[in-house]
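Everything below concerns the one structure shown next.
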Amino acid sequence: GFFFLPQSFLWPPPPGAGGAADVHALFEVIRRLRDRGVAFLYVSHHLQEIFELADELTVLRDGRHIATRPVGDVTMEELVRLIVGRDPRDLTFGGERATPGDTVLEVRDVARPPLLAGVSFDVRSGEILAITGAIGSGRTELARALVGVERLTGGEVRIPAVGPVRSPAHAARHGIAYLPEDRKRHGILATRDITDNVDVGWLATTRSILDRPGRRCAAARRQVAALGVKTPNLRQQARRLSGGNQQKMLLGRWLAVDARVLLLDGPTEGVDIGSKLEIYALLRRLAADGVAVVLFTSDLEEAQLVADRAIGLRRGRIAGELTGDDITEQALLELQYGTTTKEMAGA
């Protein structure tokens, strides 16, 4: 017998799912079935899972077979090189980091019990601010609160010289864009083409009923070229794009209307390593151009790679803040759990 479990069956996970305990339990089931003689074809963007589970790996790139190797004969660096098609050490994330500019968003004592409790910080132009936290930390709830999706019971989110953020539409009209964690449900228009998807940004930010002939196609074509979205044409349905190209298309939606603050919740979830590195380089270029990027992520390596500043959340509160070279996976982990990695290892 042959059984197929599609990605959509597991993704998006139900609220509270997807933690380390859930992954460990799944792996144990797979190993027990393997020991009974069941064969698995395991497809994943999470490379560490491949090394934990697989005996043999096959790499595909752009629909072509690249290599098939025993897992024990391949290092992580070699696997990334096979997937991306070049040495990851040759990739840069934008050169020298720009000095952050003026404050573009003020977060003051934001509260929504029991998810958020008195969160305060500023967001400045030209910086990438990573906000990290484990499941239950309030990370995604904070992202939704900043753009006006979540109704606050205390505090406020202010745009300097404008006032409090009143709604997602109000935020969008003042240059604040939000890419939600679940792009398939709340981001892309799955059955509409690329032009329609990019045009959502214009529709959200304009109050004019007048339009210029050819504007929609020109905007979509410009963003597809600038962001390197791989598609045969602009008529391609969004659901037929890869995860990485969907995410780049969503970024293009807001860059087409010159958004100056990007609130990105898990922008590389379900994205292959090649597209992930391209997105990191893109975020650094945007920051160099003065765009403020707020990256909500559970990927601590991601925060270490691209962030200028990082805030760790724990139980709805800010546990601490790190800058520059102090942003490490170990330091972020200690903020999230309120203990040192030595204490965690001994627990």
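Sort TYR42, TYR280, TYR337 by heavy-atom solvent-accessible area, probe 1.4 angstrom, most to least. Spell out each step's value before the answer.
Numbers: TYR42 80, TYR280 10, TYR337 120 Å².
These residues rank, largest area first, as TYR337, TYR42, TYR280.
To the nearest 20 Debye, how big is the dipole of the chain about its Cα centre, given +1 on the beta carbon of each Lys and Arg and -1 on that of each Asp and Glu? Don't skip to the end; give the middle numbers.
Details: 45 positive and 44 negative charges, 328 e Å.
It works out to roughly 1580 debye.
Under 11 Å from the Cβ of LEU255, count the other residues' Cβ atoms, weight Lys and Arg +1, Asp and Glu -1, and hand me the total. Write out the running numbers ahead of the final one.
Numbers: positive: ARG222, LYS248, ARG253, ARG260, ARG285; negative: ASP258, ASP289.
Residues close to LEU255 contribute a combined charge of +3.
Find out how many positive minus negative residues lie around LEU129, taking Lys and Arg as positive, Asp and Glu as negative, among other residues whose Cβ is under 10 Å from that of LEU129. Kindly include the intermediate steps, with their values, before the conclusion.
Working: positive: ARG124, ARG309; negative: ASP122, GLU127, ASP308, GLU321.
Charge balance in the 10 Å sphere: -2.
Would you work out which of LEU255, LEU234, GLY324 lies farthest towards the positive end of the dipole of the stretch 214-347, given +1 charges on the beta-carbon of Lys and Arg and -1 on that of Asp and Glu, about the Cα centre?
After comparing all options, I get LEU234.
What is the local net charge at PRO70, summed over the other residues whose Cβ is closer than 10 Å to its Cβ (Lys, Arg +1; Asp, Glu -1)? Could you put the intermediate results ahead of the total?
On the way: positive: ARG69; negative: ASP55, GLU56, ASP73.
Residues near PRO70 contribute -2 overall.
Using unit Cβ charges (K, R positive; D, E negative) and no other charged atoms, how large, in debye to the nearest 20, is the dipole of the stretch 221-347 about its Cα centre?
Details: 17 positive and 16 negative charges, 187 e Å.
The dipole magnitude comes to about 900 debye.
Along its principal axes, what span do the Cα atoms of the stretch 105-199 show, with the longest given first and each in whole Å?
The Cα atoms of the stretch 105-199 stretch 41, 34, 26 Å along their principal axes.
Taking the convex hull of the Cα atoms, report for the stretch 203-295 its projected area averaged over all directions, in nm². All intermediate terms of the calculation are to be shown ahead of the outcome.
On the way: hull surface 26.4 nm².
Value for the stretch 203-295: 6.6 nm².
Rounded to the nearest 10 Å², what accessible area does MET76 show when all protein chains are kept and the probe is 1.4 Å?
Counting only protein heavy atoms, MET76 exposes about 70 Å² to solvent.
Looking at the stretch 113-260, I'd like the Rg to Rh ratio, where Rg is from alpha-carbon atoms and Rh is Kirkwood's inverse mean 1/r. Show your work: numbers first, answer last.
Numbers: Rg = 16.6 Å, Rh = 16.7 Å.
Radius of gyration over Kirkwood radius for the stretch 113-260 works out to 0.99.
Starting from a Cα-only point model with no solvent, please compute log10 I(q)/I(0) by Debye for the chain at q = 0.13 1/Å.
Summing over Cα pairs of the chain leads to -1.12.
Using R₀ = 22 Å, calculate the FRET efficiency as 1/(1 + (r/R₀)^6) where r is the Cβ-Cβ separation of VAL149 and THR191; round to 0.05.
Details: r = 24 Å, r/R0 = 1.07.
Step by step, r from the Cβ atoms, then E = 0.40.
The values are calculated or read from the model by the stated rules, or taken from the named source; none is laboratory data. Just so you know, these numbers come straight off a predicted model, no measurement behind them. Quick reminder, even Gly has a Cβ in these numbers, built from the backbone with ideal geometry, and neighbours come from all protein chains shown. For the accessible areas, the whole protein counts, side chains as well, though only heavy atoms, and no ligand, DNA or RNA atoms are used. Shrake-Rupley method; radii C 1.70, N 1.55, O 1.52, S 1.80 Å.
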